Amino acid sequence: MSLCRQCGAELYGPFCSQCGAAQTPEPEMASDPNAPDIPDFLGAFTACFRKYASPHGRASRSEFWFFALWFFIANFFLRLITVVVFFGPSAVFHFSLLGALDKRTLIALQLFWLAFFIPLCFAACRRLHDAGKSSEILWIGLFIMLVFYVAIEIATRENPLEGGGWIPGAALAYKGIFTAVMSFLLAAPPTPGPNEWGPEPKKRQ
C-alpha cells in the first residue's frame, strides 16, 4: 500500500485524491563506487586471486563459496592427475598412494595446494567481515590446527610405532568442530549497508 507523503492518505495514482499532491518517486541512493562486486563462479576465481592476501574489505557469500568450490575442484583433480601420472590409470582414486611419492614431488604438490589455500583463507577473512564478525576466530583456529600438525609430526618421529598416540584423534575432532563452526559463520547473511570493514558488496549490472 502506498501512502501520500503530504497527508498520509492511501494512493491510487500519481496524484493524491485527498490533497492533490503529486507523488514523485523517491530518488534512489547512488551505490558506492568502492563497494566490492558480487561475482559469479568465474568472477570469484579472478576476484580472490586479485585480492590474493588482502584481509581488507568485505566478500559476499557467492565470492567466498564459489572460490571454495574452485579450491576443492582444483585439489581433487591435482591429486587425481598425480596418482594417474605416477602410478598408472589403474590407481585412479587411490589417493593413499600419494604418501609414497618422493619428497620433491610432495613438496611441489603442497606448494600448489598452498597457492590456493592462501587466497581461500583471506576470502574467508573478508566474508566474516561482510557478516559483521571479526576474523580473529579464523586465524586463532588455523593457528591451533597448525600446532596440532606440528605436535603430530614431533610425536610420530619420537615414537613411530604409536603413530602420535592420542594427538591425531584429538586433531581430527578439533578439525571437525572448527570446520562446522566456520561453515556456519561463513554462511551467515551480510550486514546491510556499510560496516566497519567497508561498503556492502553490490551486484553490478
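The values are calculated or read from the model by the stated rules, or taken from the named source; none is laboratory data. Everything quoted here is computed from the prediction, not taken from an experiment. When we count neighbours, we look across all protein chains shown, and the Cβ atoms used for this are built from the backbone with ideal geometry, even at glycine.
Please go through segment 174-184 and pick out each residue that is crowded, with 16+ Cβ neighbours inside 10 Å and within 21 Å of SER54 (Cα to Cα).
Here is the first cut: in segment 174-184, the ones crowded, with 16+ Cβ neighbours inside 10 Å are 178, 182.
Within segment 174-184, MET182 is the sole residue that qualifies.
Picking from residues in segment 73-102 that are within 30 Å of SER134 (Cβ to Cβ) and surrounded by 12 or more Cβ atoms within 10 Å (Cβ to Cβ), the one that is modelled with the lowest pLDDT is ASN75.
Residue-level analysis places ARG126 among those that are in contact with a His (Cβ under 8 Å, 6 or more places away or on another chain), in the same structural domain as ALA44 (by TED's automatic domain parsing) and among the charged types (D, E, K, R). Test ALA59 against the criterion of being of a type in the set (A, V, I, L, M), in contact (Cβ under 8 Å) with a residue 60 or more places away in the chain and over 16 Å from ALA131 (Cβ atoms), and give yes or no. It is false that ALA59 is of a type in the set (A, V, I, L, M), in contact (Cβ under 8 Å) with a residue 60 or more places away in the chain and over 16 Å from ALA131 (Cβ atoms). Selection of first residues in segment 156-172 that are at pLDDT 75 or above and surrounded by 16 or more Cβ atoms within 10 Å (Cβ to Cβ) and of second residues that are among the acidic types (Asp, Glu) and assigned to a loop (DSSP other than H, G, I, E, B), restricted to Cβ pairs under 9 Å at least 6 apart or on distinct chains, gives the following pairs, ordered by first then second residue: THR156/GLU162.
Checking every residue in segment 132-154 against the condition of being of a type in the set (Phe, Trp, Tyr), within 14 Å of the chain's Cα centre (by Cα) and not in a loop (DSSP other than H, G, I, E, B) gives at least one match. Taking the numbered list (1) touching a Lys or Arg at 6+ places or on another chain (Cβ under 9 Å); (2) in the same structural domain as ALA68 (by TED's automatic domain parsing) in turn, PHE116 passes all entries but (1).
Going residue by residue through segment 155-175, is there one that turns out to be within 18 Å of the chain's Cα centre (by Cα) and within 20 Å of PHE67 (Cβ to Cβ)?
Within segment 155-175, the subset within 18 Å of the chain's Cα centre (by Cα) is 175.
Within this subset, residues satisfying the condition of being within 20 Å of PHE67 (Cβ to Cβ) are none.
Checked segment 155-175: no residue is within 18 Å of the chain's Cα centre (by Cα) and within 20 Å of PHE67 (Cβ to Cβ).
Report yes if LEU114 is within 30 Å of ARG50 (Cα to Cα) and assigned to a helix (DSSP H, G or I), otherwise no. Even if it seems obvious, please write down each step before you answer.
Working: within 30 Å of ARG50 (Cα to Cα): yes; assigned to a helix (DSSP H, G or I): yes.
Criteria met by LEU114.
Checked against (1) of a type in the set (Gly, Ala, Ser); (2) touching a helix residue (DSSP H, G or I) at 6+ places or on another chain (Cβ under 9 Å); (3) closer than 19 Å to ARG61 by Cα, GLY193 passes all but condition (2).
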